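As C-alpha cells, the structure follows; a few thoughts come after it.
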Amino acid sequence: MSSEYQKEWRKKNPEKQKEYLKKYQENNPDKVKESRKKYYYSHQRQLIDGVKKWNREHSELRRKASLEWNKNNPEKVSLNKKAYRKRNPEKHREWMKNWLEKNKEHYIKKRKEYFQRPEVKKRYKEYMEKWHLTRRENLVGAPKPEICPVCGRSPVGGKRGKGRICVDHCHTTGKIRGWLCDDCNVALGRVDDRIDILKNLIKYLTKNL
C-alpha cells in the first residue's frame, strides 16, 4: 500500500483512523511510549519553539482558561500554592513583601472585611480562648479544674464575672498562686490577702453559728 493511498484513505476515513489509533495505543502502550520519546528527542527544539509561539499568540485564551480552571478547582489551587510556598519559601517571602508594599491599603481593607465575617469571628474567639487557657495553665503549673479547690463549687454560666474559674495571684508580688473561682478570688481581694482578717472571720463565724 503506497503512502499516497494511505494519506487519501485517512482523509476520507478520519473516524476509522481514530478508532484504529486508539486500539493500537491500547494494545501497544510500550511501543507508543518509546515512539513518542524518540519523536520528542528528535524534534525537541522544534516542539519547544512551537509551544512558545502558540503561547504568545494565544495569551488571552490561556489566561481565560487558567482563570476558569482556578475557579472550578479551588482545592487543587490551594494545594498547588502551598506546595510552591514550601518549595520556594524565600521567593514567596520576597514576593509577599513587595506585594504588601504596593497594596498596603487594599490589604488592610480586605483584612478588616475578613475578620468581620461571623465564622471567622467565632473561629478566632475559640482560638484565643484556647491560647489563653494554655497560657494560664502553663503559668499556674496545673490544668484548669472543673470545680473551685477552695469552695468546691462548679462555675455557673462560664462567662466573665459569673462564677468562672480564674487564675489567682498576689497583687503585691505578682506571684501566681493557683486556680480559684471568681467568688473566692474576690473574697481574698476584699480582705487584701490578709491571713489575720481571715482568721478573725473564722472565729466570728464559729462564735455566731
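All of the numbers you see were taken from the coordinates with simple rules; none came from a lab. Since the structure is predicted, the reported quantities are computational estimates derived from the model, not experimental observations. Every residue, glycine among them, receives a Cβ derived from its backbone with ideal geometry; neighbour counts consider all protein chains shown.
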> Among all the aspartates and glutamates, which ones have a C-alpha under 13 Å from Lys12's C-alpha, if same-chain residues fewer than 8 places away are not counted?
Replying inline: Glu4
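Mind giving me the FRET efficiency for Arg136 and Asn80? R0 is 41 Å, r the Cβ-Cβ distance, nearest 0.05 is fine. All intermediate terms of the calculation are to be shown ahead of the outcome.
On the way: r = 40 Å, r/R0 = 0.97.
Result of the calculation: an efficiency of 0.55.
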> Farthest toward the dipole's positive end in the chain, which of Pro143, Asn27, Cys184, given Cβ charges of +1 (Lys, Arg) and -1 (Asp, Glu) about the Cα centre?
Replying inline: Asn27
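Rounded to the nearest 0.05, what FRET efficiency is calculated for Asn27 and Ser3 with R0 set to 35 Å and r the Cβ-Cβ distance?
Working: r = 23 Å, r/R0 = 0.67.
Step by step, r from the Cβ atoms, then E = 0.90.
Only Lys, Arg, Asp and Glu count, each charged at its Cβ (+1, +1, -1, -1), so figure out the dipole size of the chain about its Cα centre, rounded to 20 debye.
Values: 57 positive and 28 negative charges, 158 e Å.
Approximately 760 debye in magnitude.
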> Setting aside same-chain residues fewer than 8 positions from Lys76, which aspartates and glutamates have a Cα under 20 Å from its Cα?
Replying inline: Glu68
> Hey, which lysines would be in cross-link range of Lys33, C-alpha to C-alpha under 20 Å, not counting anything within fewer than 8 residues on its own chain?
Replying inline: Lys18, Lys22, Lys23
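With Cβ to Cβ distances under 15 Å as the rule, what net charge do the other residues near Gln46 carry (K, R +1; D, E -1)? The partial results should precede the final answer.
On the way: positive: Arg36, Lys38, Arg45, Lys52, Lys53; negative: Asp49.
Combined, the nearby Lys, Arg, Asp and Glu give +4.
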> When the helices in the chain are scored as -39500 (n - 2.57) per DSSP H run of 4 or longer and the sum is shared across all residues, what 222 nm value do you end up with, to the nearest 500 deg cm²/dmol?
Replying inline: -23500 deg cm²/dmol
> For His171, what is the net charge nearby, where nearby means another residue's Cβ is under 13 Å from its Cβ and Lys, Arg count +1, Asp, Glu -1?
Replying inline: +1
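Normalised by the residues of the chain, what does the relative contact order come to in percent, with Cα pairs under 8 Å and at least six apart? Let's see the in-between values first.
Numbers: 91 pairs, mean separation 15.6, N = 209.
Relative contact order here is 7 percent.
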> At what distance in nm do the modelled label points of Ile197 and Ser66 sit from each other, each positioned 7 Å from its Cα along Cα→Cβ?
Replying inline: 7.1
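Lys144 to Asn55: extension gain in nm, 0.36 nm per residue of separation minus the Cα-Cα distance? Intermediate results must be reported in sequence, preceding the final value.
Working: separation 89, 0.36 × 89 = 32.04 nm, distance 6.21 nm.
The Lys144-Asn55 span can extend by a further 25.8 nm.
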>> At R0 = 45 Å, how high is the FRET efficiency between Glu126 and Tyr204 if r is their beta carbon distance? Nearest 0.05 is fine.
In response: 0.50
